[in-house]
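Asker: Take a look at the following structure, please.
The values are calculated or read from the model by the stated rules, or taken from the named source; none is laboratory data. What you see is a predicted model, and the numbers here were worked out from it, not measured in a lab. Heads up, the Cβs are rebuilt from the backbone with ideal geometry, glycines too, and the neighbour counts pull from every protein chain shown. SASA here: full protein model, heavy atoms, side chains in, ligands and nucleic acids out. Shrake-Rupley method; radii C 1.70, N 1.55, O 1.52, S 1.80 Å.
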Amino acid sequence: MRPTPYLLRAVVSAAQRKNSVSFIGLGRMGSEMAYNLFSRTLVESNGAARFVVCDAREETSHAFVKNFSAQFPGAQVQVATTPAEALLASRTVVTMLPSSPHVRNVYVEEEGIVPALRSLSAEDARSTLCIDSTTLDVEVARNVAAAVQNTGAAMVDAPVSGGVSGAKAGTLSFLVGGPEQAYKLAHPYLLHMGKNIIYCGDSGAGLVAKICNNLILGVQQIVVGEAMLLGQKLGLDPKVLASVINSSTGACWSSAVNNPVPGSLPDKSPPCERDYEGGFATSLMLKDMGLATDLAESTGIPLPMGHAAEKIYADVVSEDPELANKDFSSVYRYLRVAAYPKSSLA
Ligand code: NAD
């Protein structure tokens, strides 16, 4: 039988719920964010705070608790098996999920956050704060926020920029949307996980900002791959080319931090140095390009570069499914295979 030493067992008292924070979605970003949020809240509360984690893969939650408990012996961290349980255990809940269907599932479906909020007293529901850091469809996020707010609870969308390295270092930028009062409630929690907390406007505004940012990022990562490929074909050392770009007008995050060519950034360790493992999955970038082109369609804004980039990421994922889960800078590997079809160097 699977060991379950950390499972939430007892009904949580109101006092315990007040001092508790739950985190749902412990993936590449969420696990790092939860670690920073919990460790800093623990110190701030002089060890009094309690924590709850929840992930669709229960073994992921248990691994997180095991690691956190080893780093902070005596810390109270438990595993919830459903989002409802996580909500009932804590007054503050942070979610970091892949996309719209997962957010809908965690918030509004059976055993989700909204049904759990409805089961609370009006006062307990009113004292609850939900922070969703997922990058998802703006309309879905607004509907979920409205469902949460209808129960009296507060909610913000707070998608992030800064990648896995920023999540680990606690230097993320949070782009926040929601009522100003909810933003103020969320601010101290977000500061435990990031450095720049930017209020963007009403519910969904954080997501609009995030989607616009990732539209730029998705296009830039492709063109950096193209330039690095072209320069090498014409005989340039990738290290020299990267240093030229990074001290010139072509410099951007994709060239200076997430350069896709192994050996091009000797002082850094981008995902290409680990066969594109870790980082931001190509499938998630494809999702974000789709979010941007959907918004463009509904607003009548032309996005020729965005549409072209979306198609390239779609081709990467369908023609080389192994790259779907690797960092999106692996688009370079895809382009390289197209440039050197018979080469094993790709
Ligand atoms: P991930 O796929 O690594 O993690 C998602 C986690 O959510 C997984 O552990 C999964 O098991 C869990 N999950 C899925 N459905 C669930 C459910 N119904 N209930 C509970 N848990 C569930 O994704 P990630 O890279 O951590 O990205 C998370 C979000 O952050 C995405 O929206 C992504 O676009 C955004 N983002 C990612 C990065 C990055 O560099 N990875 C950067 C900025 C923003």
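Asker: Check M228 against each of (1) in the same structural domain as D267 (by TED's automatic domain parsing); (2) open to solvent by 10 Å² or more (accessible area, probe 1.4 Å); (3) part of a helix (DSSP H, G or I) and name the one condition it does not meet.
Answerer: Every condition holds for M228 apart from (2).
Asker: Here is a follow-up. What single numbered condition from (1) among the β-branched types (V, I, T); (2) within 15 Å of the ligand (Cβ to nearest atom); (3) open to solvent by 40 Å² or more (accessible area, probe 1.4 Å) fails to hold for V43?
Answerer: V43 satisfies all of (1) among the β-branched types (V, I, T); (2) within 15 Å of the ligand (Cβ to nearest atom); (3) open to solvent by 40 Å² or more (accessible area, probe 1.4 Å) except (2).
Asker: Considering segment 87-142 alone, what residues qualify as being over 23 Å from S20 (Cα atoms), open to solvent by less than 10 Å² (accessible area, probe 1.4 Å) and in a loop (DSSP other than H, G, I, E, B)?
Answerer: L136
Asker: For segment 1-48, give me each residue that is assigned to a loop (DSSP other than H, G, I, E, B), among the hydroxyl-bearing types (S, T, Y) and at pLDDT 95 or above.
Answerer: Our first condition is that a residue be assigned to a loop (DSSP other than H, G, I, E, B); within segment 1-48, this holds for 1-6, 8-13, 19, 25-27, 45-48.
After this cut, where a residue has to be among the hydroxyl-bearing types (S, T, Y) as well, the list is 4, 6, 13, 45.
Within segment 1-48, just S45 meets the criteria.
Asker: Hey, another quick one. Criterion first (under 23 Å from A167 (Cβ atoms), touching a helix residue (DSSP H, G or I) at 6+ places or on another chain (Cβ under 7 Å) and open to solvent by 40 Å² or more (accessible area, probe 1.4 Å)) does F280 satisfy it? Talk me through it step by step, then tell me what you get.
Answerer: Working: under 23 Å from A167 (Cβ atoms): yes; touching a helix residue (DSSP H, G or I) at 6+ places or on another chain (Cβ under 7 Å): yes; open to solvent by 40 Å² or more (accessible area, probe 1.4 Å): yes.
Judged against the criteria, F280 is a match.
Asker: Among the residues of segment 68-86, what is the count of those that are more than 15 Å from the ligand (Cβ to nearest atom) and within 14 Å of R17 (Cα to Cα)? Show your work before the answer.
Answerer: Start the filter on segment 68-86 by keeping residues that are more than 15 Å from the ligand (Cβ to nearest atom), which leaves 68-78.
Then drop every residue that is not within 14 Å of R17 (Cα to Cα), which leaves 76-78.
Residues meeting the conditions: 3.
Asker: What strands (runs of 3 or more DSSP E) lie completely within segment 152-218 and have 3 or more residues being of a type in the set (A, V, I, L, M, F, W, C) and open to solvent by less than 10 Å² (accessible area, probe 1.4 Å)? Reasoning before the result, please.
Answerer: On the way: elements: 154-157, 172-177, 194-201.
Because the criterion is at least 3 residues that are of a type in the set (A, V, I, L, M, F, W, C) and open to solvent by less than 10 Å² (accessible area, probe 1.4 Å), the strands (runs of 3 or more DSSP E) in segment 152-218 that meet it are 172-177.
Asker: Return the only residue of T92, T128 being more than 30 Å from L217 (Cβ to Cβ) and away from the ligand (no atom under 11 Å from the Cβ). Can you show your working first?
Answerer: Values: T92 fails: more than 30 Å from L217 (Cβ to Cβ).
It is T128.
Asker: Residue under question is L265, and the condition is that it be open to solvent by less than 20 Å² (accessible area, probe 1.4 Å) and either more than 20 Å from V160 (Cα to Cα) or of a type in the set (S, T, N, Q) (or both); does it hold? If you could, list the steps in order and put the result at the bottom.
Answerer: Working: open to solvent by less than 20 Å² (accessible area, probe 1.4 Å): yes; either more than 20 Å from V160 (Cα to Cα) or of a type in the set (S, T, N, Q) (or both): yes.
Here the answer is yes, as L265 does meet what is asked.
Asker: Of the residues that sit in segment 239-252 and are under 10 Å from V224 (Cα atoms) and of a type in the set (A, V, I, L, M, F, W, C), which one is surrounded by the fewest Cβ atoms within 10 Å (Cβ to Cβ)? Explain how you work it out, then say what you get.
Answerer: We begin by selecting, within segment 239-252, every residue under 10 Å from V224 (Cα atoms); these are 242, 245, 250-252.
Applying the additional criterion that residues be of a type in the set (A, V, I, L, M, F, W, C) yields 242, 245, 251-252.
Values: A242: 25, I245: 21, A251: 14, C252: 17.
Only one residue fits best here, namely A251.
Asker: Name the pairs: first residue in segment 263-290 and under 23 Å from M96 (Cβ atoms), second residue of a type in the set (G, A, S) and part of a loop (DSSP other than H, G, I, E, B), Cβ to Cβ under 6 Å, at least 6 apart or on different chains?
Answerer: Qualifying pairs under 6 Å: P271/G278; P271/G279; K287/S99.
Asker: Does at least one position in segment 49-65 carry a residue that is small (G, A, S), more than 11 Å from the ligand (Cβ to nearest atom) and either surrounded by fewer than 24 Cβ atoms within 10 Å (Cβ to Cβ) or not in a helix (DSSP H, G or I) (or both)?
Answerer: Here is the first cut: in segment 49-65, the ones small (G, A, S) are 49, 56, 61, 63.
Filter once more, keeping what is more than 11 Å from the ligand (Cβ to nearest atom): 49.
From what's left, either surrounded by fewer than 24 Cβ atoms within 10 Å (Cβ to Cβ) or not in a helix (DSSP H, G or I) (or both): 49.
Yes, some residue in segment 49-65 is small (G, A, S), more than 11 Å from the ligand (Cβ to nearest atom) and either surrounded by fewer than 24 Cβ atoms within 10 Å (Cβ to Cβ) or not in a helix (DSSP H, G or I) (or both).
Asker: Next question. Kindly establish whether S13 is away from the ligand (no atom under 16 Å from the Cβ), touching a residue at least 24 places away in the same chain (Cβ under 8 Å) and open to solvent by 10 Å² or more (accessible area, probe 1.4 Å).
Answerer: Details: away from the ligand (no atom under 16 Å from the Cβ): yes; touching a residue at least 24 places away in the same chain (Cβ under 8 Å): no; open to solvent by 10 Å² or more (accessible area, probe 1.4 Å): yes.
No; evaluated as a whole, the condition is false for this residue.
Asker: Let me spell it out: the conditions are (1) at pLDDT 95 or above; (2) under 26 Å from the mean Cα position of the chain (by Cα), and L234 meets all of them except one. Which number is the exception?
Answerer: (2)
Asker: Testing G290 on (1) within 16 Å of the ligand (Cβ to nearest atom); (2) within 17 Å of G225 (Cβ to Cβ); (3) open to solvent by less than 70 Å² (accessible area, probe 1.4 Å), one condition comes back false. Which one is that?
Answerer: Looking at each condition in turn, G290 falls short on (2).
Asker: When segment 158-173 is examined, which residues are found to be more than 7 Å from the ligand (Cβ to nearest atom) and at pLDDT 95 or above?
Answerer: Within segment 158-173, A158, A167, K168, A169, G170, T171, L172, S173 qualify.
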